[in-house]
Amino acid sequence: MIPAYSFFGDDMDDYDVVIVGAGPAGGAAARSLSKSGFKTLLLEKEKSFAANDFSSGGAPIEILSDFQLPETVVGAYCREIRISATQATHVWRDDAPTALVLDFKKVRAFLAETAEKNGAKLSLGCTYRAHAHETGHSVVTFKKAENGLTESVRAKVLIDATGSDRRVLTGRTKTQADWKNDVIVGRGIEYLVEVPEQVYQAYADCLSFYIGAKWMPQGYAWIFPMQANCLKVGVGRNFPGMQFVPHRAAMRDYLDQLMAECLKTDQVNILDRHGKTIVYTCHHRDRYADQNVIAVGDAVSTVNPLTFEGIRHALKSGEIAARQVQDFLEKKTANLKTYESEMRAYCGMKWVVSELLTKKIYREPEDEKMTLMLQALKALSLAALKDLVFDYRLKAVMCFYAVYQFLLFKRIFSFQAKSTRTGRSG
Ligand SMILES: Cc1cc2nc3c(=O)[nH]c(=O)nc-3n(C[C@H](O)[C@H](O)[C@H](O)COP(=O)(O)OP(=O)(O)OC[C@H]3O[C@@H](n4cnc5c(N)ncnc54)[C@H](O)[C@@H]3O)c2cc1C
């Protein structure tokens, strides 16, 4: 490991690594790099982890062991996955918990606190403003919320973990209208609600998803258990601003309808409202690294476009980046270029297929086909469903798609047979 030198003769602090953004990706990178002994600064624009608690936190149970997360970051465990279309519902059940709902603020706080215990410095309420390359390092400038003053530090490596905002390496946010087919934009809004015990029990132990025109055209809706008598109720829309499937513009309308029809009670206390827009770049055309700057998590589109599940993948990219940065700082590699190939290998064909499915499923204007898709999913076991929605395994995708095509074919055939019979009898 290379020590941090301070021979510049000014009062600017020197770091091996400055990480901008304490989301899952930045937190994971900070945890790994500080554990390896690198002098690490983690900057976060929000003043507390509760401030941007936007993510629903649904994930497969394996996330705990895969990323060494403690049970304290779990909101609730789930043995069931339930999917409802406009006209049908199906439930998959396991004897043991198969999925969980993370408490997003606790995950981010845990990663940052672990990094602090390893010796990293965490600075909340600090917004990245700019950076400039100088020989062997970058000067990173940020603004502190507490006094409105601007400060600068020196970093041998700078990590952009600002999520979909891409503030450091790309420096601008793309919109659906700007980039048309080159990006998939997903916008989600969610309430954390307190409900009576019997309402909570109807949704406890289960990840409930809602698809189709009734619940959320061009996207999906969800109800997740969070903690005793608290649920996360949300809706997400893909390609906002575009009408592939007819819909009302206000996403709030669908959220209110979901609450009214599913919770069926006036005794709902809204504890928190949050939301965010995520921009996914098709075929991962983002910039991964440039000189001593590297981007992680949603800043390089690690979120899966089919499900908009992104916490695991952000954690993974933070860990992969940390290894690459370590090799670079220890001069085992001359640059950070191999990070891109490692990330591409991680996402691989699975993300490409997810892009295709996203464009097919969420742009489907015929609601009856959404119900047929649910029927096709019914053919899958819980393990195969998890392979599809959490691991995007090609075998599961092909199995689903083959059954769906068969059902479509059957529908056309029975439709034709019916019209022939009607024609004959007429
Ligand atoms: C409504 C919604 C529901 C979701 N539900 C799920 C789910 O159920 N399961 C799942 O796995 N994923 C879900 N996701 C996706 C998941 O939350 C993201 O993919 C994941 O958080 C990405 O992690 P990240 O660290 O790359 O970015 P982020 O979590 O976005 O973190 C980026 C951080 O950078 C900070 N930042 C930004 N700009 C600056 C700046 N200039 N200076 C300093 N700091 C800055 C931000 O404040 C933020 O803390 C959901 C997303 C949305 C929008």
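The values are calculated or read from the model by the stated rules, or taken from the named source; none is laboratory data. All values derive from a computational prediction rather than experimental measurement. Here Cβ is always computed from backbone atoms with ideal geometry, including for glycine, and neighbour counts include all displayed protein chains.
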Pair list, Cβ under 6 Å, 6 or more apart: the range 280-291 residue within 19 Å of LEU336 (Cβ to Cβ) and modelled with pLDDT of 95 or more, other residue surrounded by fewer than 19 Cβ atoms within 10 Å (Cβ to Cβ) and aliphatic (A, V, I, L, M): none
The conditions are (1) touching a helix residue (DSSP H, G or I) at 6+ places or on another chain (Cβ under 6 Å); (2) surrounded by 13 or more Cβ atoms within 10 Å (Cβ to Cβ); (3) part of a loop (DSSP other than H, G, I, E, B), and PRO97 fails exactly one of them. Which is it? (1)
Give me a count of the residues in the range 270-307 that are part of a loop (DSSP other than H, G, I, E, B) and either crowded, with 19+ Cβ neighbours inside 10 Å or within 13 Å of the ligand (Cβ to nearest atom) (or both). 11
In the range 12-27, residue surrounded by the most Cβ atoms within 10 Å (Cβ to Cβ) [restricted to those that are outside any strand (DSSP E or B) and near the ligand (Cβ under 8 Å from one of its atoms)]: ALA25
Selected residue [more than 14 Å from the ligand (Cβ to nearest atom), charged (D, E, K, R) and modelled with pLDDT of 95 or more] from ARG108, ARG82: ARG82
Tell me yes or no: at least one residue of the range 62-72 is farther than 27 Å from ALA379 by Cα and either touching a helix residue (DSSP H, G or I) at 6+ places or on another chain (Cβ under 6 Å) or aromatic (Phe, Trp, Tyr) (or both). yes
In the range 51-79, which residues are part of a loop (DSSP other than H, G, I, E, B), among the aliphatic types (A, V, I, L, M) and modelled with pLDDT of 95 or more? ILE61, LEU69
In this structure, is GLY148 over 30 Å from THR265 (Cβ atoms), within 16 Å of the ligand (Cβ to nearest atom), over 21 Å from the mean Cα position of the chain (by Cα) and modelled with pLDDT of 95 or more? yes
Could you check, for the range 388-406, whether at least one of its residues is of a type in the set (Lys, Arg) and more than 30 Å from ARG79 (Cβ to Cβ)? no
If GLY9 meets every condition in (1) more than 11 Å from the ligand (Cβ to nearest atom); (2) at positive phi; (3) at pLDDT 95 or above apart from one, which number is that one? (3)
So, first residue more than 15 Å from ALA322 (Cα to Cα) in the range 146-160, second residue assigned to a loop (DSSP other than H, G, I, E, B) and modelled with pLDDT of 95 or more, Cβ within less than 8 Å, six or more apart or across chains; the pairs are GLU146/GLY125
Of the listed residues (GLY75, GLY119), the one being outside the structural domain of TYR203 (by TED's automatic domain parsing) and farther than 22 Å from TRP222 by Cβ is GLY119
